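The values are calculated or read from the model by the stated rules, or taken from the named source; none is laboratory data. This is a predicted model, so every value here is computed, not measured. Note that we place each Cβ from the backbone using ideal geometry, even for glycine, and neighbour counts take in every protein chain shown. Protein only, heavy atoms only, side chains kept; ligands, DNA and RNA dropped before computing areas. Shrake-Rupley method; radii C 1.70, N 1.55, O 1.52, S 1.80 Å.
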Amino acid sequence: MNKYRHYYSFNRVLLLFLDVTLIAFAFKLSNLIRYGSLELDHQYNIFFVLFALVWWIVSGFSNFVVRIDSFLPIDKRFSNLINVFMMHALILASCIVIFNLEELSRLLLLYTYLSTALLIGFSRLILFQVNRYFTNSDMAHTRYVIVGTGPAAASLHQTLSNNDEIGTKFMGFFDDEADMSNPYSSQLQGGLDDLKDYCLQHSIDEIYYTKPLTDSAQINELTEFANDNFIYLRLVPDFSAMVKKDVNVYFYHNIPMLSVRNEPLELASNRVVKRIFDVVFSLSVILLIFPILFPIIALLIKLESKGPIFFKQLRPGKKNRLFVCYKFRTMRVNNNTELQATKNDPRITRFGAIMRKTSLDELPQFFNVLLGDMSVVGPRPNLVSQLDQYSKVISKYKTRHFVTPGITGYAQVSGFRGETKEVHLMEKRVEYDVMYMAKWSLMMDMKIIFLTVWNMIKGEKNAY
């Protein structure tokens, strides 16, 4: 629905303005409940600006506004809202400390957050009903049909139905060779001979052609008809016979190219965004946290066992290039550095066990991030011996090395960390690593960081 992209972009801006208006109302309401007045004091006014600004920024990450407002299942929409609020709260808490707003009433903050969540959640519910009404009504300004009923047509219909915007309406399938046992047969409007009359009678705006691109005469005829009647004809090539997974389509000048791996970090712009985030985040940790914890950790390591403070080990990084990975030493000095830690491992010191449980031993890896060998979030760098072992038995193991390894990862916050005695445990890690590569977004990275911090606080049973 490209011709209405500008309309939807304007809609998203209006949605953000609506959010800020609701936030302002929530602030007034909270102040009225807490202090009996609609007038906000100076400090609370500053907090309102921060609150609204952070919401504006977080809502824009990873196309969250679209995902919140699109035709997703209701549980998915509210799950997205909860994710946004969680990230918003994390950033806002940092702003409260930075701008010295600790004197704000905790009860007032609670009222503000509850009223904001209720108002924005309720507004999304109303918008969903409005969207559904316009989509199912005759007021839809974009009506489209699909030519074909094969796998490509079914996949396209499902995608458009799940991601439709306000004002679009699916009008039916057209196919001369339709299988009446097809689940979409009830939406079949006729054959190719019926298509033209139907389009004219029902003011169709777009035709999606999903049949094989071998009948050039048919395609030329439809192209001429679409041009004469101001209808957009979209050709949807079916690559299912060649490619059994999602693909990305790129253009080099006018030449279309397919990438069989869906990886957002293939785009240079996304890599730049991720690298900027890595540098800023790692510098913040190195300058603000490391100087405080390092003397304490170094002293405790030295008091408990002889040996260096830091542990250095070669690990395979992006495209299997080896780099020196830094950690705080958690074991007594030994020669079995390529042997994975196990539960109740006698090599681990008492303080080392605490560091592993809380992931404090990974703190020096922020220097690896600064050097560019690692990222804050990404597939964890395994041992060199594991690379040799698992790349022979797990088909997608090497795929995870297309991206820079991370201090924490999607697999780790999903419960797959610690010892991997059995192959299927490593297979699950690889599965989540590849899933992360396919779904990467800055918002996802921030969510993984939040879950990592949360796991550090509550402790993990597999961390040893």
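Within the bounds of region 259-273, is there any residue that is in contact with a strand residue (DSSP E or B) (Cβ under 9 Å, 6 or more places away or on another chain), of a type outside the set (S, T, N, Q) and at pLDDT 90 or above?
no
Hey, among Thr399, Thr420, Thr404, which residue is over 30 Å from Ile57 (Cβ atoms) and either modelled with pLDDT of 85 or more or not in a helix (DSSP H, G or I) (or both)?
Answer to the check: Thr420.
Within region 358-378, restricting attention to residues that are in contact with a Ser or Thr (Cβ under 9 Å, 6 or more places away or on another chain) and outside any helix (DSSP H, G or I), which residue is modelled with the lowest pLDDT?
This residue is Ser359.
Take the residues in region 400-415 that are buried (at least 18 other Cβ atoms within 10 Å of the Cβ) and in contact (Cβ under 8 Å) with a residue 40 or more places away in the chain; name whichever of them is nearest to Met437 (Cα to Cα).
Val403
With the structure loaded, tell me whether Ala93 is closer than 21 Å to Leu125 by Cα, over 20 Å from the mean Cα position of the chain (by Cα) and at pLDDT 75 or above or whether it fails that test. Please lay out each step first, then the result.
Working: closer than 21 Å to Leu125 by Cα: no; over 20 Å from the mean Cα position of the chain (by Cα): yes; at pLDDT 75 or above: yes.
Judged against the criteria, Ala93 is not a match.
I'd like the residue in region 270-311 that is surrounded by 13 or more Cβ atoms within 10 Å (Cβ to Cβ) and basic (Lys, Arg) and, out of all such residues, is nearest to Leu370 (Cα to Cα).
Restricting to residues being surrounded by 13 or more Cβ atoms within 10 Å (Cβ to Cβ) and basic (Lys, Arg), the top hit is Arg275.
Would a scan of region 354-369 turn up a residue that is more than 27 Å from Met435 (Cα to Cα), over 27 Å from the mean Cα position of the chain (by Cα) and surrounded by 21 or more Cβ atoms within 10 Å (Cβ to Cβ)?
There is at least one residue in region 354-369 that is more than 27 Å from Met435 (Cα to Cα), over 27 Å from the mean Cα position of the chain (by Cα) and surrounded by 21 or more Cβ atoms within 10 Å (Cβ to Cβ).
Among (1) in a helix (DSSP H, G or I); (2) modelled with pLDDT of 75 or more, there is one condition Thr149 misses while meeting the rest; what is its number?
(1)
Please determine, by comparing only the residues of region 91-102 that are touching a helix residue (DSSP H, G or I) at 6+ places or on another chain (Cβ under 8 Å) and open to solvent by 70 Å² or more (accessible area, probe 1.4 Å), which one is nearest to Asp19 (Cα to Cα).
Across region 91-102, the extreme among qualifying residues is Phe99.
Could you please let me know if Tyr436 is surrounded by 15 or more Cβ atoms within 10 Å (Cβ to Cβ) and more than 20 Å from Leu265 (Cβ to Cβ)?
When the stated conditions are applied, Tyr436 does not pass them.
When Asp197 is evaluated against the numbered criteria (1) assigned to a helix (DSSP H, G or I); (2) of a type outside the set (A, V, I, L, M, F, W, C); (3) open to solvent by less than 40 Å² (accessible area, probe 1.4 Å), which criterion, by number, is the only one it fails?
Condition not satisfied by Asp197: (3).
Right, Val54: modelled with pLDDT of 80 or more and in contact with a His (Cβ under 6 Å, 6 or more places away or on another chain) or not?
In short, yes.
Within region 38-50, track down each residue that is open to solvent by less than 60 Å² (accessible area, probe 1.4 Å) and touching a helix residue (DSSP H, G or I) at 6+ places or on another chain (Cβ under 6 Å).
Of region 38-50, the ones open to solvent by less than 60 Å² (accessible area, probe 1.4 Å) are 40, 43-44, 47-48, 50.
Those that are open to solvent by less than 60 Å² (accessible area, probe 1.4 Å) and touching a helix residue (DSSP H, G or I) at 6+ places or on another chain (Cβ under 6 Å): Leu40, Phe48, Leu50.
Of (1) open to solvent by less than 10 Å² (accessible area, probe 1.4 Å); (2) within 16 Å of Arg315 (Cα to Cα); (3) assigned to a helix (DSSP H, G or I), Ser385 satisfies all except one. Which?
With (1) open to solvent by less than 10 Å² (accessible area, probe 1.4 Å); (2) within 16 Å of Arg315 (Cα to Cα); (3) assigned to a helix (DSSP H, G or I) applied to Ser385, the lone miss is (1).
Give the number of residues within region 289-331 that are assigned to a helix (DSSP H, G or I), over 28 Å from the mean Cα position of the chain (by Cα) and within 26 Å of Met444 (Cβ to Cβ).
Initially, region 289-331 is screened for residues assigned to a helix (DSSP H, G or I), giving 290-304, 318-320.
Narrowing the set further to residues that are over 28 Å from the mean Cα position of the chain (by Cα) leaves 290-304.
Checking the rest, the ones that are also within 26 Å of Met444 (Cβ to Cβ) come to 290.
The qualifying residues number 1.
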